[in-house]
Amino acid sequence: SPQQAYNAMVRKGKDPDIYRAKDFVSTHNVMNERGWNQVLAYESVTHPECPKERVKLAKFNGDYDGRVKGSFDRHYWTVSRCETDTQVYVLDYFDTKKFDEITMPYSNDDIEIRVQPEPGTPAAAADMAKHKKATGKVYGSTGDFDFPVNIPDPYKDS
């Protein structure tokens with residue numbers, strides 16, 4: 001809800017505009033879809049034998065305190081691949097038009113999402129090597145390409 005989003009931003013030391021909380025929720029929902037699309041793209045490069053319809057989100061954890069320098073948030077997403085394997089992905093979120101340390105982006109156009117397997121996991125090194133060989137980088141990024149996210153905005157006409 002907008003109130004939960006506002007409270008979470010305050011807990012993180014941000015200065016959210018309470019009148020834009022519903023915009024933030026909408027941005028956050030689309031941001032998650034964009035992140036998921038990047039995970040599926042990574043999987044398609046590293047595990048083409050498993051169709052995207054059989055890649056499922058098993059667990060989701062935020063790690064605001066563990067974010068890398070320059071990012072405004074970090075998530076760990078555990079995915080189940082074809083019901084036989086799991087992989088933990090790290091998603092780092094960057095504000096490409098950063099004003100300061102407390103202003104949050106309200107537009108997905110201002111957010112880059114970088115995705116890669118969690119380096120400490122058993123299959124990560126092999127997957128990162130496959131991805132680097134195919135794309136030139138160990139991580140996938142919305143900065144390289146993005147997918148259209150066709151999610152209706154519930155606040156568009158309000």
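The values are calculated or read from the model by the stated rules, or taken from the named source; none is laboratory data. Not measured: the values here are computed from a predicted model. Cβ coordinates were reconstructed from backbone atoms using ideal geometry, including for glycine residues, and neighbour counts include every protein chain displayed. What goes into the accessible areas is simple: the full protein's heavy atoms, side chains included, and nothing from ligands, DNA or RNA. Shrake-Rupley method; radii C 1.70, N 1.55, O 1.52, S 1.80 Å.
Shape call for segment 1-45 from the C-alpha gyration tensor, a ≥ b ≥ c root eigenvalues: rounded (a/c under 1.5), prolate (a/b greater than b/c) or oblate?
It is prolate, given that a/c is not under 1.5 and a/b is the larger ratio.
I need the phi-derived Karplus couplings for segment 72-81: 6.51 cos²θ - 1.76 cosθ + 1.60, θ = phi - 60°, integer Hz, Gly and Pro marked x.
Once rounded to whole Hz, the list reads 9, 6, 9, 10, 10, 10, 9, 10, 9, 10.
Name the residues whose placed amide hydrogens come within less than 5 Å of the amide hydrogen of Phe72, ignoring near sequence neighbours (fewer than 5 apart) on the same chain.
Residues meeting the criterion, in which the H sits 1.01 Å from N, are Tyr93, Phe94, Asp95.
Order Arg54, Arg81, most accessible first, counting only protein heavy atoms with a 1.4 angstrom probe.
Largest to smallest exposure gives the sequence Arg54, Arg81.
Can you give the FRET efficiency for Tyr19 and Glu118, using 1/(1 + (r/R0)^6), R0 = 25 Å, r = Cβ-Cβ distance, to the nearest 0.05?
0.10
What are the ³J(HN,Hα) values, in whole Hz, obtained from phi via the Karplus relation 6.51 cos²θ - 1.76 cosθ + 1.60 with θ = phi - 60°, for each residue of segment 109-123 in sequence order, with x given for Gly and Pro?
Once rounded to whole Hz, the list reads 5, 9, 10, 9, 10, 10, 10, 7, x, 5, x, x, 7, x, 8.
Would you mind calculating the relative contact order of segment 7-90 from Cα pairs under 8 angstrom and at least 6 residues apart, reporting the percent as a whole number?
Across segment 7-90, relative contact order equals 19 percent.
Output the pairs from Lys59/Lys132; Lys69/Lys130; Lys52/Lys137; Lys22/Lys132 with a Cα-Cα distance over 29 Å in this structure; if there are none, say none. Don't skip to the answer; put the middle values down first.
Working: Lys59/Lys132 26 Å; Lys69/Lys130 26 Å; Lys52/Lys137 21 Å; Lys22/Lys132 38 Å.
In this structure, Lys22/Lys132 lie more than 29 Å apart at Cα.
With θ set to phi - 60°, apply the Karplus curve 6.51 cos²θ - 1.76 cosθ + 1.60 along segment 23-31 and write out the HN-Hα couplings as whole Hz, x wherever there is a Gly or Pro.
5, 4, 4, 4, 4, 4, 4, 5, 4
Size of segment 32-71 along its principal axes in angstrom, Cα-based, largest extent first?
Here the Cα extents, ordered largest to smallest, are 35, 19, 15 Å.
How much length, in nm to one decimal, is gained on full extension between Lys52 and Cys82, taken as 0.36 nm per residue of separation minus their Cα-Cα distance?
Between Lys52 and Cys82, full extension yields 9.9 nm more.
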